[in-house]
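One structure below.
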Amino acid sequence: TDAPLLVVNGIEVIYNHVILVLKGVSLQVPRQSIVALLGGNGAGKTTTLRAISNLLRGERGEVTKGTIALEGEQIANLTPSDLVRRGVVQVMEGRHCFAHLSIEENLLTGAYTRTNAGEIAANLEKVYTYFPRLKTRRHSQAAYTSGGEQQMCAIGRALMSNPRMVLLDEPSMGLAPQIVEEVFNIVKDLNAREQVTFLLAEQNTSMALRYADYGYIMESGRIVMDGPATDLANNEDVKEFYLGMG
Ligand code: ATP
């Protein structure tokens, strides 16, 4: 069907019972698309991803209004692991590999919702075909790998749950431009060949718009503009206010 995979409708998020951070955010993520959530520091991108993957509680945040639906089904009450089982997984900002584990051990932690050893092994091989660097480094302790390898490891780990949708928070953060490009190319490949849908939060507007199908721009907890990525990339306001960023 053509119904979007994910529909977020008018969500408000409050931290610590008082701080209103999302002020009615609505967005849609079509099946097999790459959607970019753009905007500066503190605009609310991470909070939006956390609201979707139900990771706000640990941050003392809660969704106080609005709805979040995956294929028409409300998901706001599912735990993060339930969501992983439904095919929605988040890659947190800052990569968060387990520093003392090897790359391969890190990847395997991503299969925690699965039990079939053969399927897990096949999935690991598939991750290595997309990330040959990770295969080379599979026995290295994550702490001793590069920032780019750790970002790849974080994405690879998410892929070990065999997701339909990956929420990717700030994949470019702290990485050299050519590494960012390498990561985005793999994202594009995964989208095209494995039909993985991506919702990615990025401050690097120009890079994200080159890879995304559609973009939403956030400011102070609201969506202020949205459109096809090529339209946004050519929009004068976007050029003036956002394309220098990241
Ligand atoms: P960044 O790129 O810096 O992560 P962002 O667009 O993802 O920016 P958020 O991290 O969602 O923005 O933050 C949005 C607002 O919510 C900011 O003003 C931030 O200070 C506030 N905020 C984030 N986390 C918390 C928290 N746990 N408690 C209180 N306020 C928070």
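The values are calculated or read from the model by the stated rules, or taken from the named source; none is laboratory data. None of these values were measured; they are calculated from a predicted model. Cβ: placed from backbone, ideal geometry, glycine included. Neighbour counts: every protein chain shown. Note: accessible area is taken over every heavy atom of the protein model, side chains too, but ligands, DNA and RNA are not part of it. Shrake-Rupley method; radii C 1.70, N 1.55, O 1.52, S 1.80 Å.
Based on protein heavy atoms only, the chain ends up with 46 Å² per residue of surface accessible to a 1.4 Å probe.
In square nanometres, what is one fourth of the surface area of the convex hull spanned by the alpha carbons of region 22-79? Averaging across all directions leaves 4.5 nm² for the Cα convex hull.
Averaging 1/r over each pair of different alpha-carbon atoms in region 48-119 and inverting the result gives 14.0 Å, the Kirkwood hydrodynamic radius.
What the pair-distance distribution of region 111-185 shows, using all Cα-Cα distances binned every 5 Å from zero, is 3, 15, 26, 25, 20, 9, 3, 0 percent. Counting only Cβ charges, +1 for Lys and Arg and -1 for Asp and Glu, the dipole size of the chain around its Cα centre is about 600 debye. With a Förster radius of 35 Å applied to the C-beta separation of SER206 and LYS23, the computed FRET efficiency comes to 0.85.
Carbon and sulfur atoms: what percent of the 1.4 Å accessible area of the chain do they account for?
48 percent
Mean residue ellipticity, 222 nm, helices only, the chain: the sum of -39500 (n - 2.57) across DSSP H runs of n ≥ 4, divided by residue count and rounded to 500, is -10500 deg cm²/dmol.
Annotation: extensible slack from ARG31 through ARG60 equals 7.4 nm (criterion: 0.36 nm per residue apart, minus Cα-Cα distance). A Cα-only calculation for region 1-124 places Rg and Dmax at 16.1, 48 Å. Within region 145-220, the proportion of C-alpha pairs whose separation exceeds 20 Å stands at 27%. Solvent-free Debye calculation, one equal scatterer per alpha-carbon of the chain: log10 I(q)/I(0) at 0.09, 0.10, 0.14 Å⁻¹ equals -0.36, -0.45, -0.91. Projected over every direction and averaged, the convex hull enclosing the alpha-carbon atoms of region 113-246 yields 9.3 nm². Sorting 8-21, 150-163 by their mean Cβ neighbour count within 10 Å, with the most densely packed peptide first, gives 150-163, 8-21.
Over the residues of region 182-226, compute the C-alpha Rg and express it relative to 2.2 N^0.38 Å.
So region 182-226 has a normalised radius of gyration of 1.25.
A dipole drawn for region 90-152 from +1 and -1 charges on Cβ atoms has a positive end, and of ALA117, SER140, HIS96 the residue lying farthest that way is SER140.
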